[in-house]
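Worksheet: one structure, shown below.
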Amino acid sequence: MVTLLAALSALLAVLLAWPVPTRLAAASWPSRNPRRAITLWQVIGLSGGICAVGSLLLLGLDPLGPRWTLLNLAALAGAAILLSWLLGVLATNTIRIERHLRKQRDAVDLLAWTDLNGVRVLDHPEPAAYCLPGPRPRIVVTHGAIASLGPEELAAVLAHERAHAVGRHELIIQPFVAWESALPFLPPARRATAAVAELVEMLADDHAARETSPRALARALAQVGSDRLPSADGSAAPASVLPRVRRLVQ
Amino acid sequence: MARLGELERAVMDVLWNTPEPVPATHIVDVLPREHAPAVTTILTVLDRLGAKGFVTRVRHGRAYRYSATTSKAELIANTMLEALDTTSDRRSALVHFAGAVSEEEKAVLRELLASG
């Protein structure tokens, strides 16, 4: 009986690892309800992990014959290893990212001046705006961005970044990034991360559009997007702004 | 804590504006009046900045002389490059505003924003 449950759990884990994420990534409704889609992604990810570890655990706890065998031991060990690995990947990734963020914070604290609203301004000609997330976030904007955007557009950009900061969106994305890097042979993991990253941008877009206006944000996206040069080393280009602009304007 | 940050900025400004390595005493002399710190305070600040990688020191006789590791402009440029790096490892660290826009997309964007 328990072995049956173990098999079902394993089947569920496989479904949650491949066909289910693939379906969700291809669906069109998420852009209409990003918050719900994000929750669904999180549920898929969490249940997939639980089912994978759970199936090994169940197999380990059910003696297939009259006595417990080496298979049981192996399955239990497998469950323990899988769980530690999943948690370990998350921990290592968190530490690495925090180190990177700390360097960024130190540099920004040293280099930028702070305006009336607590926004950090960097003396750099290329337009950029970003958020250093965490419990004490910093919103950073360059002189280039201030120069190339009108007041309404700039307000929209800052509102977008504030939404990320206040919403602690880095906590949503980070587990996906961590497990994607640990599962490079699983294309759905990459699709999941890309989908969640996009959805998080939509959340921030919606927030900023409510605070200012959808058009102001769309114009800002178009402006800052066109000013960006392709990265010198040809690394993967960031997601296009076009779908986001379309979504705002329609 | 805010005062310490101000002091760090002031010390870096001195180092960025001085081409050759200087001793801590020189920094104390050159700092604006409102900071007026003790040499020991400045040494602590220089240590912190050294730990963060912004300052290096060379032995000069029995004392050290300090200098900034990079120019201010270079540091800003490097910081920006790292901040906007979208390789997957760091994607979750920073959420930044813009994506890329290709030439074809520019035309579509213009149309979208012109209507209505």
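The values are calculated or read from the model by the stated rules, or taken from the named source; none is laboratory data. Computed from a predicted structure; not experimentally measured. Positions of Cβ are backbone-derived with ideal geometry, glycine not excepted, and every protein chain shown enters the neighbour counts. Quick note on the areas: whole protein, heavy atoms, side chains included, nothing else; ligands and nucleic acids left out. Shrake-Rupley method; radii C 1.70, N 1.55, O 1.52, S 1.80 Å.
Can you tell me which residue is farthest from A:L70 (Cα to Cα) among those in the stretch A:29-48 that are among the small types (G, A, S) and open to solvent by 20 Å² or more (accessible area, probe 1.4 Å)?
Among those residues, the one meeting the criterion is A:S31.
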Give the stretch B:13-59 a look and list any residue that's among the charged types (D, E, K, R) and within 20 Å of the chain's Cα centre (by Cα), or say none. B:D13, B:E20, B:D47, B:R48, B:K52, B:R57
Which condition from (1) at negative phi; (2) assigned to a loop (DSSP other than H, G, I, E, B) is the one that B:A36 breaks? (1)
Selected residue (only one of B:A100, B:A93 is under 30 Å from A:A189 (Cβ atoms), open to solvent by less than 30 Å² (accessible area, probe 1.4 Å), at pLDDT below 75 and out of contact with any strand residue (DSSP E or B) (no Cβ under 6 Å at 6 or more places or on another chain)): B:A93
Can you pull out the residues in the stretch A:117-133 that are open to solvent by less than 20 Å² (accessible area, probe 1.4 Å) and either facing another protein chain (nearest Cβ under 10 Å) or closer than 19 Å to B:L113 by Cβ (or both)? A:L122, A:P127, A:A128, A:A129, A:Y130, A:C131, A:L132, A:P133
Neighbours by Cβ (under 8 Å, 6+ apart or cross-chain): first from the stretch B:55-77, open to solvent by 80 Å² or more (accessible area, probe 1.4 Å); second of a type in the set (F, W, Y) and assigned to a strand (DSSP E or B): B:R57/B:Y64; B:R57/B:Y66
Mind counting the residues in the stretch A:142-182 that are farther than 24 Å from A:A112 by Cα and buried (at least 16 other Cβ atoms within 10 Å of the Cβ)? 11
Any idea which of A:A80, A:A26 is of a type in the set (A, V, I, L, M, F, W, C), open to solvent by 80 Å² or more (accessible area, probe 1.4 Å) and more than 25 Å from A:V157 (Cβ to Cβ)? A:A26
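Pick from A:R67, A:R136, A:R96, A:R102: which is more than 20 Å from B:K72 (Cα to Cα), free of Cβ contacts under 8 Å to residues at least 40 places away in the same chain, within 14 Å of chain B (Cβ to nearest Cβ) and loosely packed, with under 14 Cβ neighbours inside 10 Å? It would help to see each step written out before you state the result.
Working: A:R67 fails: within 14 Å of chain B (Cβ to nearest Cβ); A:R96 fails: loosely packed, with under 14 Cβ neighbours inside 10 Å; A:R102 fails: more than 20 Å from B:K72 (Cα to Cα).
When all the criteria are applied, what remains is A:R136.
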Unique residue being touching a strand residue (DSSP E or B) at 6+ places or on another chain (Cβ under 7 Å) and among the small types (G, A, S) when the list is A:A37, A:A145: A:A145
State which residue is farthest from the other protein chains (Cβ to nearest Cβ) when the search covers only the stretch A:159-187 and only residues that are among the charged types (D, E, K, R) and assigned to a helix (DSSP H, G or I). A:R162
Only one of these conditions is not met by B:F54: (1) among the hydrophobic types (A, V, I, L, M, F, W, C); (2) touching a helix residue (DSSP H, G or I) at 6+ places or on another chain (Cβ under 7 Å); (3) under 30 Å from A:A195 (Cα atoms). Which number is it? (3)
Given (1) under 16 Å from the mean Cα position of the chain (by Cα); (2) away from chain A (no Cβ under 13 Å); (3) of a type in the set (S, T, N, Q), B:T70 misses just (2)
Subset of the stretch A:188-213 (residues that are open to solvent by less than 40 Å² (accessible area, probe 1.4 Å), more than 8 Å from chain B (Cβ to nearest Cβ) and not β-branched (V, I, T)): A:P188, A:A189, A:A192, A:A195, A:L199, A:M202, A:L203, A:D205, A:A208, A:A209, A:S213
